[in-house]
Every structure is written in structure tokens, then in C-alpha cells.
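The values are calculated or read from the model by the stated rules, or taken from the named source; none is laboratory data. A quick note: this is a predicted structure, and the numbers were derived from the prediction, not measured. Every residue, glycine as well, gets a Cβ built from its backbone with ideal geometry; the counts of neighbours run over all protein chains shown. Accessible surface is based on the protein model in full, side chains and every heavy atom, while ligands, DNA and RNA are left aside. Shrake-Rupley method; radii C 1.70, N 1.55, O 1.52, S 1.80 Å.
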Amino acid sequence: MTFLDDEFKYYLPNMTCLSLLNLPYESRCMMVRKVPDCKALINNLNYFEVLCCTLGIRTPETEISVMLLFIFFVLVYVLITGIIVSTYLSPVMKILSVKMHMNEYFAGITVLAFANSFPDLISNMMPIRAQGALFTRTISNALVIVLVCGGMVCYLKPFKMDGHSTTRDLLFLLLAVEVMSFMVSHEGKVSQSDSLVLLTFYGIYLIIQLADLILMRRTIKQLRAEIFILRQQPISLKRNEILRKKMAVLIDLENNEVMSIRKQNTGFYTHKSRSSPAGSFFVTPVLKTNTNDVDYVSTRTILHNKKNLKNQFLFSEFLSALNPIDTMDWKLSNNCDRFIIICKCPLVFIAKFVVPEVNYEKYKHGWSKLLNCMQIITTPFIIITTVHSDLAKVYCGWHIVLNFKYSLWSLCLTVPTAVFVFFHSRTDLPPPYHFLFLFITSTSSFVIIFMCAAEIEVLTTIVGIVFNLSDNFMDITFGSLINAILDLIAIFGMTMQGYEKMAFAAIFAGPFFSIIVGMAVPLYFNEHVREQGATVWLYGEHGVVCYIFFLITVISTLTWTLTLNFYSRRSVGIYCWILLILFLLFAFAIEWNVIHGFSFDPYFPPQ
């Protein structure tokens, strides 16, 4: 018995919690509470405890019913992320881009790309990914984002992209996947120095992009000086021709010089001349640009009147700010849309209470005196409690124990600050320091997105195991599609507001960030990749398939951009979606053993 006890003692620490879902039902609860890996894989809710102990599942039918409930939770987490991104994070990204004097392209490759890729980076560092197919997951996410989001931008907002920037991004993306593939496969393992070398590529990328922006602005200044000199010269045909050419170049560059905040839905379309709906689906529309920029100085002061009391309409404004139903949206919606609005009400209300809204497109920039003063206290308290509890990982049954050890100390700073803001500010005008709420908004948004991404990761993995689907297959299909949906929300919002250049730049820069930084950082801290043979599980079963389809996507994108002289068309968007469908069909066929993948079968030499 001593030998068996010792063997069982060393067996438990090396056992993965995911394998417990293949044990008999009556043995799962005991093993869930004994295997240490089960505590490492959970986040705010212990789904393994719920599945195996709390609900006491004993039949496959009940297990499938619970899996459908888990899928519903995944949709809820996706919806929460969509609300946070569209309502809070997107306006913040636009404001930061304007305040930092970026142009659309540079804002897309930095601010928007980082915001989109942040959940991917965090999920790669989770314990559940310690020995997962990181290469397959990252490349498939990048592939699906380019095809889904890129196809959506080309279909909704055909536009003239910047030629040299697009070509450079595609070549950098191609370089990233080749370098990453070489480092993962080289010597069968990945060292910390390899990760640091990989990170230097992102630094080089940013330096080149910043240098390009500086050179463009220098060129604009030089052209303005040359045009001024030409206008002082006597009129002649030669002088007019030179002036016309320089003016055309200057106007083109000035359109990309700085970013402005535009009103929502600034672009609209008219089809060329097609009467049939089927024809309009494929025909590239002609974009009529409406460059109505938001005068955010006016939106800040439009309701201000010195004769008003400082706290006029204080409580009515508070209730209006917390109202989860927008009156105008409700009036313009049909019954189906109203049902969706009602279903979203609880989530929208919680988001309004926790996350401050800073939006230069709205009157008073979203300022609500009483609500914002409350959020100065409540938001840091909630965020610190959530992060600290997640790091401490102390559970009471199926849920995490909230830890208030550090969050209580935040009240010493936030309560006096809130009192000062309340007595110093007005209801009809945001205070001069209102921009500081950008930090609270962005921090709380990223924490909520991280929490949702972590829960989605665990839930999709559990669902895949119960339905006998491999981890690799779940990663490159449902996992990649969910990740793309999160990016699609931000990309769609930016596109429909007239920032299609910013959105299109982020479509390539985001995957580049995920491949370089999103892989280098987890590989640097992951000790398992130092072991010989780590390449096998880093690539996974579908790694070569994702790699080949990714090369097809990048090379074909480079081909059509050059062929169409960097004009996007609706047909390109449809092509991207067809290529995505082929990739998914290929993945399903491999999973169901209809065809053989590109990976090599294991070979065991005879003894």
C-alpha cells in the first residue's frame, strides 16, 4: 500500500484537470478537489466544482445541458466585452489618438492594435496555456482576424489605402510568422534569448513607423514652403503645372496628417446603377464622404450657463446617466431590436455604474457629476478587489473569495478626491481635469475585458473536451472566431464612423503584435518551452495547416492590393470570407478524419 500511496501522491501533481472530464461521473468530484491543477486553471468561478460537485452530474444528457448553459455564458461574456469596447474603450482610443497628435494610420497600428490584441496576450499567459499549442492558436487568431475583419472593412467601406504603408505591414506580417516559425521549430525548444530577439522586431517595427510619420510631416512642411514660393512667382504654364502637382501631393498627405473626432455614421453609400438586390451585394459602392468633424470644444460647453446653479438637475442627470435604455434608440427600433435592448439592460446598467464614460461626441463629453464622483470611489475599489482576489485565488466552493485587504486602503485617497471634485465641479460643464477619467475608463475596461477573455478561455476548453473535440481544433475554430468577434466589434465601430484607414491598419498591426509580443512574452516566462521536444506541442496537430493558410492569406492580400492599385472592393471582402470558410472546412475535415492534415505522423523506430 505504501508504494501505491507514493505513486498516487506523485501522480496527482502531474495530472491535468482537463483529463478529469473523461473519468467516470462518480469519481470526478473527489479528483477535482484533490488535483492541484484544477485550482490553477480556474478564474473567478470554479466551473469544475460546479460541473462535478455542485450539480452532481451523473448522465451524459445532463452534462450536455450544462454545456449548453456554458455556451450561453460564453455569449454573455462576448456581449459584455462588446458593450465595453463599443461604448467606453473606442471613444477613449479616439481621444488618446487626437491628444497625442497621431494620424489615423499610426493610431491604428498602436492604440487600436494594442487594445485588440491585449486579450490574446493575457490568455496566452494563463496557466491553461502553459503547455498548449501557442503557435497554432496565435497564427489561427491572426488568420481569422485578417479574413473576418479585413473582409468586413473592404465590404462595408471600400476606400483608397496608403500603398507603401499597407505593403510594409504585409511584409512585416510575413516576416513575423517566418521568424516565429523558425524559432519555435529550431532545436526543438525556445530559449529566453530567442524571446528577447523576437521582441526586438516589434521595436524595429515601431521605430520605422514613427520615422515614416515624422518624414511625412516634414514633407508637408516642405511642400507648403515650396507652394508659397511658387505662388509669388509670375504666372506661367510651367509654374501652374508644377503648382498643381505639388498641391495634389500636399492635399493627399494632409488627409493623413492628423486624426480628428468624427460624428458617428459619417460615411454613406450610393450604388452605381443596380436595381437588383443580388447585384448590389457584389457591386462595390461609391463612397460619399461626409467629413463632419466633431467640435469637441463646443460639445463640452454647449449646455454651460454661468447663471445655472452648480448642482442644477443633479439627481435627474444621475438617473438619466444610469438609464440602460437610450430613448432615441428605443424609438427607432423595431420589436426585435427592442427585445435585444431589454436583454442587454442588466449588463449595460452594470457597465454604466462601474466604468466612467468619456466621449467627446456627446454633450458635456459624457460628464455626469454625481455618477462620476461616485465612480472615483467605486471603480478603483472594484478593480483593485477584483485583481487582488484573482491573484490570491482563494475559493469558497464554486466561487472566488473577494479580498478587500488592499482595496479598502484606496478609500483613503478616492473619498477625499471625490469630495473635492463634487464641490469644485458643475453639472453643466465637465471640470478641466475631466481627461484624467480616461485613465480610470481604460484601466477598468481592460480589466473587464481580461476577465471575460479568461472565462471564455476556460469555458470553451471545457465544452470542447465534453464534446470530444481536440484542444487544437477548438483553438483554431471556435476560439479564433470568438477572438475575432471581439476585434470585429471595435473594427466595425471605427469603420462605420469613417476611420476605415485606422481600422484597416489595426487589422494587420494587431496580428503582428500578437505574433511577436503575444508569443515572445509568454515564451519568456514559460519554463516548459525550454524542454527538448517543446516544438511538438507548440505546433500542435493543426500548426502546419494554420501556417500554410496564413501564408496564402498574406500573399493573396499583397497580390490584390498591388493589382487593384490599393483600392479595396466588395469582391475582396467576399473573397476573404470564402477563404475563411475553406479554412474552417479544412479544419473540420481533419478533426473528423475525412482528410489527413499536413502534420507528420509520429514515427517510432523499432527496438
Of (1) closer than 30 Å to Ser117 by Cα; (2) crowded, with 21+ Cβ neighbours inside 10 Å; (3) modelled with pLDDT of 90 or more, Pro430 satisfies every one except (1)
Out of (1) open to solvent by less than 60 Å² (accessible area, probe 1.4 Å); (2) under 25 Å from Asp487 (Cα atoms); (3) not aromatic (Phe, Trp, Tyr), what's the single condition that is false for Ile555?
-> (1)
Looking at Ile42, Ile71, which is the one that is of a type in the set (A, V, I, L, M, F, W, C), closer than 26 Å to Ile485 by Cα and either modelled with pLDDT under 85 or in contact with an Asp or Glu (Cβ under 7 Å, 6 or more places away or on another chain) (or both)?
-> Ile42
Among the residues of segment 48-68, which ones are at negative phi and either touching a residue at least 40 places away in the same chain (Cβ under 8 Å) or in contact with a Cys (Cβ under 9 Å, 6 or more places away or on another chain) (or both)?
-> Phe48, Glu49, Val50, Leu51, Cys52, Cys53, Thr54, Glu63, Ile64, Met67
Taking the options Val144, Val190, name whichever one is open to solvent by less than 20 Å² (accessible area, probe 1.4 Å) and within 18 Å of Cys546 (Cα to Cα).
-> Val144
Exactly one of Tyr499, Tyr539 is within 19 Å of Gly132 (Cα to Cα) and either of a type in the set (Ser, Thr, Tyr) or touching a Cys at 6+ places or on another chain (Cβ under 9 Å) (or both), and that one is Tyr539
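Filter segment 153-165 for residues that are in contact (Cβ under 8 Å) with a residue 60 or more places away in the chain and either farther than 13 Å from Tyr567 by Cβ or open to solvent by less than 10 Å² (accessible area, probe 1.4 Å) (or both) and give the result.
Residues satisfying the conditions are Val153, Cys154, Tyr155, Leu156, Lys157, Met161, Ser165.
Could you identify the single residue in Ser333, Ser368, Ser389 that is small (Gly, Ala, Ser), surrounded by 18 or more Cβ atoms within 10 Å (Cβ to Cβ) and at pLDDT below 90?
Result: Ser389 is the single residue among Ser333, Ser368, Ser389 that is small (Gly, Ala, Ser), surrounded by 18 or more Cβ atoms within 10 Å (Cβ to Cβ) and at pLDDT below 90.
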Are any residues in segment 347-362 under 23 Å from the mean Cα position of the chain (by Cα) and either open to solvent by 70 Å² or more (accessible area, probe 1.4 Å) or not charged (D, E, K, R) (or both), and if so, which ones?
-> Leu347, Val348, Phe349, Ile350, Ala351, Phe353, Val354, Val355, Pro356, Val358, Asn359, Tyr360
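Condition test on Ile261, is it surrounded by 15 or more Cβ atoms within 10 Å (Cβ to Cβ) and either under 40 Å from the mean Cα position of the chain (by Cα) or touching a residue at least 24 places away in the same chain (Cβ under 8 Å) (or both)?
Against the criterion (surrounded by 15 or more Cβ atoms within 10 Å (Cβ to Cβ) and either under 40 Å from the mean Cα position of the chain (by Cα) or touching a residue at least 24 places away in the same chain (Cβ under 8 Å) (or both)), Ile261 qualifies.
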Failed criterion for Val419 (all others in (1) open to solvent by less than 60 Å² (accessible area, probe 1.4 Å); (2) among the aliphatic types (A, V, I, L, M); (3) out of contact with any Phe, Trp or Tyr (no Cβ under 7 Å at 6 or more places or on another chain) hold) | (1)
Just name the residue that is farthest from Gly366 (Cα to Cα) out of those in segment 392-432 that are without any contact (Cβ under 8 Å) to a residue 60 or more places away in the chain and in contact with a strand residue (DSSP E or B) (Cβ under 8 Å, 6 or more places away or on another chain).
-> Val394
Determine if segment 472-479 includes at least one residue that is among the aromatic types (Phe, Trp, Tyr), within 30 Å of Pro60 (Cβ to Cβ) and touching a residue at least 24 places away in the same chain (Cβ under 8 Å).
-> yes
Tell me, please, whether a residue that is out of contact with any helix residue (DSSP H, G or I) (no Cβ under 6 Å at 6 or more places or on another chain), open to solvent by 80 Å² or more (accessible area, probe 1.4 Å) and either modelled with pLDDT of 75 or more or assigned to a helix (DSSP H, G or I) (or both) can be found in segment 60-68.
-> yes
Among the residues of segment 114-125, is any closer than 28 Å to Ala587 by Cα, free of Cβ contacts under 8 Å to residues at least 60 places away in the same chain, among the hydrophobic types (A, V, I, L, M, F, W, C) and open to solvent by 10 Å² or more (accessible area, probe 1.4 Å)?
-> no
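Here is a yes/no grid of residues against (1) under 29 Å from Cys412 (Cα atoms); (2) among the hydrophobic types (A, V, I, L, M, F, W, C); (3) under 23 Å from the mean Cα position of the chain (by Cα):
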| position | (1), (2), (3) |
| --- | --- |
| Pro324 | no, no, no |
| Lys331 | no, no, no |
| Ile342 | no, yes, no |
| Leu370 | yes, yes, no |
Taking the condition within 22 Å of His164 (Cα to Cα) and either modelled with pLDDT under 85 or surrounded by fewer than 17 Cβ atoms within 10 Å (Cβ to Cβ) (or both), does Leu538 pass?
-> no
Do you know which residues across segment 488-530 are within 24 Å of Ile95 (Cα to Cα), open to solvent by less than 20 Å² (accessible area, probe 1.4 Å) and of a type in the set (A, V, I, L, M)?
-> Ala490, Ile491, Met494, Met502, Ala503, Ala505, Ala506, Ile507, Ala509
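Could you please let me know if Gln233 is touching a helix residue (DSSP H, G or I) at 6+ places or on another chain (Cβ under 6 Å), surrounded by fewer than 16 Cβ atoms within 10 Å (Cβ to Cβ) and either of a type outside the set (Asp, Glu) or closer than 30 Å to Lys362 by Cα (or both)? Full working, then the answer.
Numbers: touching a helix residue (DSSP H, G or I) at 6+ places or on another chain (Cβ under 6 Å): yes; surrounded by fewer than 16 Cβ atoms within 10 Å (Cβ to Cβ): yes; either of a type outside the set (Asp, Glu) or closer than 30 Å to Lys362 by Cα (or both): yes.
So Gln233 passes the test.
Where in segment 299-373 are there helices (runs of 4 or more DSSP H), lying wholly inside it, with at least 2 residues that are touching a Gly at 6+ places or on another chain (Cβ under 6 Å) and without any contact (Cβ under 8 Å) to a residue 24 or more places away in the chain?
none
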If you check Asn468 against the conditions, is it without any contact (Cβ under 8 Å) to a residue 12 or more places away in the chain and not aromatic (Phe, Trp, Tyr)?
-> yes
Quickly run through segment 167-224 and pick out the residues that are modelled with pLDDT of 90 or more and of a type in the set (S, T, N, Q).
-> Thr167, Thr200, Gln209, Thr219, Gln222
